[in-house]
Amino acid sequence: MTIFRIRRPEIGSIALTAIVTLYLLLLTNNSFWSHAIVYFDRAWPGLLSLGAALCLTTFAVLTSLSMKYVMKPVIILLIVISAAAAYFTDSFGVVIDKGMIGNAAVTTGAEASHLLTGSLLLHLALYALIPSLLIIWIKVRHRRFLAKAAVNFLFIAPALVLSGALIYANFATIAYALREHRDLMVRFNPAGPVTSAVRYALSTYRERNLVVQPLGTDAKGGTRIANAGKPIVVVVVAGETARAMNFSLNGYHRETNPELKALEVVNYRNTTSCGTATAVSLPCMFSVYPRKQYSDWKARSTENLVNVLTHAGVSVTWWDNNTGSKGIADLISFASMTRQKKNPLCKNGECLDEIFLDQLDRKLGATTANSVIVLHQLGSHGPSYYLRYPEAFRRFTPDCRTAELMRCSTEEIVNAYDNTILYTDHILASVARLLEKHQDRIAGAMIYMSDHGESLGENGIYLHGAPYAIAPKEQTQVPFLAWFSKPYQAAMGIDTGCLANDADEPRSHDNLFHTVLGMMDVRTKVYNRNLDAFAACTRPDVREKTTPAYHAAQNLGPTAPVDEPPRARSAADFL
């Protein structure tokens with residue numbers, strides 16, 4: 001009996017390296033090349049020089065790794081990384097930078113499952129699995145170690161020299177393009193994702209022995225909260241992926257905020273985020289550091305807003321319907337809503353945001369102390385927008401009913417997203433109504449601010465997480481609003497009419513830390529009145545205005561009796 005055997009093809013290591021280099025550059029870098037063409041703006045000599053230099057450098061690096069038993073695993077890994085990165089950059093326009101690696105590291109299984117689509121699997125099969133199987137199948141010829149080192153050097157050295165010469169010859173053009181568009185090299189596969197992963201790993205390693213420094217240990221309540229007569233309760237709603245331009249309160253052509261519109265909410269129409277992804281924006285929102293001074297290291301090594309509130313004797317609770325508090329709530333009461341597996345509002349490890357309401361109702365009914373309750377929403381997190389709202393809020397149709405956004409029209413994507421905003425409107429209004437329901441025994445207020453926005457296909461970009469320097473306004477303009485019960489307004493001296501007149505003043509995530517401290521009448525050296533969004537419209541307490549401590553804190557000069565100011569209608573009247 002004759003047995004037919006297919007003979008494995010053979011190839012030299014240098015030849016395989018060259019083929020893989022061309023494969024990576026030509027088939028997994030569509031986003032890089034398309035952006036490079038735009039960024040270089042017809043400066044073809046510079047663009048071609050950069051492309052050739054990258055090809056030569058990649059070839060040199062892969063050749064240096066072309067050792068027996070090492071070459072195949074390394075090449076296969078780089079092909080898989082490049083193919084996966086190419087899918088997300090080409091399909092959603094995202095950039096796989098350090099921040100995006102961080103997002104991936106902290107994401108939950110339920111959140112990640114929305115990205116494991118048929119399109120992704122097909123893409124990986126074509127661009128990663130098949131090439132990898134071919135590489136495993138073929139036989140690679142290797143020379144003896146010394147001979148291989150000599151031959152490899154004869155290829156690597158000229159490649160690097162020529163690469164350097166090409167860059168030098170067009171240095172001004174290349175340097176200008178890369179300096180003005182720092183995202184370009186992050187898009188280059190596989191170097192961009194690999195470098196970003198290494199940077200994230202090094203950052204995480206440096207933080208392994210991090211010691212958190214105390215903040216605001218001098219914090220204490222002021223005279224207003226001491227004399228309120230009932231518990232002061234502020235509900236801080238940390239939104240998710242809500243962009244300001246889709247709020248009808250901000251002028252959007254669709255009515256996406258009908259319930260909030262019926263309430264006396266204070267809405268700020270010009271608010272910017274600290275980052276474009278939850279892993280950055282959420283810690284920054286609760287950090288004492290403004291965006292220009294903020295870093296992940298600073299946030300992790302310093303206590304935050306919830307800790308300062310605790311130092312002041314405020315009861316602080318964090319309820320999470322998202323992927324966690326990112327370390328913010330490590331030292332306070334924390335509860336994950338997604339663990340309620342038998343709740344009809346939950347499915348596959350995710351819950352609709354209504355999961356908060358019944359428990360909030362019960363908690364408000366039992367509250368006897370000054371409290372801050374943080375609700376971290378799932379909000380409008382994509383790409384599965386259609387899973388973020390129940391059927392009753394499926395008002396804008398046809399809506400995209402899949403996580404594979406490329407299969408939906410722009411209209412369908414926007415419809416689904418707008419339904420999530422409509423549902424968030426209902427959640428926020430419901431929180432306000434619950435505070436109002438219990439106003440006979442508590443003085444309540446709500447403040448809402450989203451962590452970042454979202455791209456819905458504008459300029460070919462979807463989702464969020466773009467590097468801040470190049471992020472579109474869709475990802476950085478966020479909604480910011482507040483609601484105050486009548487007992488809270490009376491107890492804390494808030495004038496909502498005055499606040500409404502300041503609705504167009506620029507605000508940002510920098511304001512949240514100090515605004516919440518002000519809302520809870522917390523006195524501490526870390527409080528900055530200039531960053532308290534409501535301070536200018538908060539009437540000083542006459543019981544405190546005559547004290548030396550008050551005048552020192554407000555920089556008002558010598559102590560002197562001051563009459564109660566008349567009712568004011570603009571911030572200037574309070575300054």
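The values are calculated or read from the model by the stated rules, or taken from the named source; none is laboratory data. Predicted model, so just to flag it, every value in this text is computed and none were measured. Counting neighbours? That spans all protein chains shown, and the Cβs are built from the backbone with ideal geometry, glycine included.
For segment 244-253, state whether one or more residues are under 17 Å from residue 512 (Cα atoms) and assigned by TED's automatic domain parsing to the domain that holds residue 528. Yes. Scanning segment 490-523 for residues that are in a strand (DSSP E or B) and out of contact with any Phe, Trp or Tyr (no Cβ under 7 Å at 6 or more places or on another chain), we see that the one that is surrounded by the most Cβ atoms within 10 Å (Cβ to Cβ) is 522. For segment 180-233, the set of residues classified as more than 22 Å from the chain's Cα centre (by Cα), among the hydrophobic types (A, V, I, L, M, F, W, C) and part of a helix (DSSP H, G or I) consists of 191, 225, 226, listed by residue number. State whether one or more residues within segment 444-453 are polar (S, T, N, Q), touching a residue at least 24 places away in the same chain (Cβ under 8 Å) and part of a helix (DSSP H, G or I). No: segment 444-453 contains no residue that is polar (S, T, N, Q), touching a residue at least 24 places away in the same chain (Cβ under 8 Å) and part of a helix (DSSP H, G or I). Restrict the check to segment 358-366 and report whether at least one residue is at pLDDT 95 or above and within 20 Å of the chain's Cα centre (by Cα). Taking every residue of segment 358-366 in turn, none turns out to be at pLDDT 95 or above and within 20 Å of the chain's Cα centre (by Cα). Quick check: is even one residue across segment 109-125 acidic (Asp, Glu), buried (at least 16 other Cβ atoms within 10 Å of the Cβ) and either free of Cβ contacts under 8 Å to residues at least 24 places away in the same chain or more than 24 Å from residue 188 (Cβ to Cβ) (or both)? Scanning segment 109-125 turns up at least one residue that is acidic (Asp, Glu), buried (at least 16 other Cβ atoms within 10 Å of the Cβ) and either free of Cβ contacts under 8 Å to residues at least 24 places away in the same chain or more than 24 Å from residue 188 (Cβ to Cβ) (or both).
In the condition set (1) at pLDDT 95 or above; (2) within 18 Å of residue 194 (Cα to Cα), residue 88 is compliant with all but (1). The number of residues in segment 373-404 being touching a Leu at 6+ places or on another chain (Cβ under 8 Å), buried (at least 23 other Cβ atoms within 10 Å of the Cβ) and in contact (Cβ under 8 Å) with a residue 60 or more places away in the chain comes to 6.
Being in contact (Cβ under 8 Å) with a residue 12 or more places away in the chain, part of a loop (DSSP other than H, G, I, E, B) and over 14 Å from residue 187 (Cα atoms) is a condition met by no residue of segment 12-23. Against the test of being more than 34 Å from the chain's Cα centre (by Cα) and either at pLDDT below 50 or not acidic (Asp, Glu) (or both), the options 524, 547, 515, 538 yield a single qualifying residue, 547.
Just to be sure before I move on: is residue 443 assigned by TED's automatic domain parsing to the domain that holds residue 255, aliphatic (A, V, I, L, M) and either surrounded by 21 or more Cβ atoms within 10 Å (Cβ to Cβ) or on the phi > 0 side of the Ramachandran plot (or both) in the structure I sent? Spelling it out, residue 443 is indeed assigned by TED's automatic domain parsing to the domain that holds residue 255, aliphatic (A, V, I, L, M) and either surrounded by 21 or more Cβ atoms within 10 Å (Cβ to Cβ) or on the phi > 0 side of the Ramachandran plot (or both).
In segment 293-301, is there at least one residue being surrounded by fewer than 24 Cβ atoms within 10 Å (Cβ to Cβ), within 20 Å of the chain's Cα centre (by Cα), acidic (Asp, Glu) and not in a loop (DSSP other than H, G, I, E, B)? So far as segment 293-301 goes, yes, one or more of its residues are surrounded by fewer than 24 Cβ atoms within 10 Å (Cβ to Cβ), within 20 Å of the chain's Cα centre (by Cα), acidic (Asp, Glu) and not in a loop (DSSP other than H, G, I, E, B). Within the option set 500, 533, 491, being at pLDDT 95 or above and either within 21 Å of residue 436 (Cβ to Cβ) or among the β-branched types (Val, Ile, Thr) (or both) holds for one residue only, 491.
Evaluating residue 301 against the criteria (1) over 17 Å from residue 514 (Cα atoms); (2) among the small types (Gly, Ala, Ser); (3) at pLDDT 95 or above leaves one unmet condition, (3). Of the residues making up segment 24-46, those that are surrounded by 15 or more Cβ atoms within 10 Å (Cβ to Cβ) and in contact (Cβ under 8 Å) with a residue 40 or more places away in the chain are 24, 27, 28, 29, 31, 32, 35, 36, 39, 40, 43, 46.
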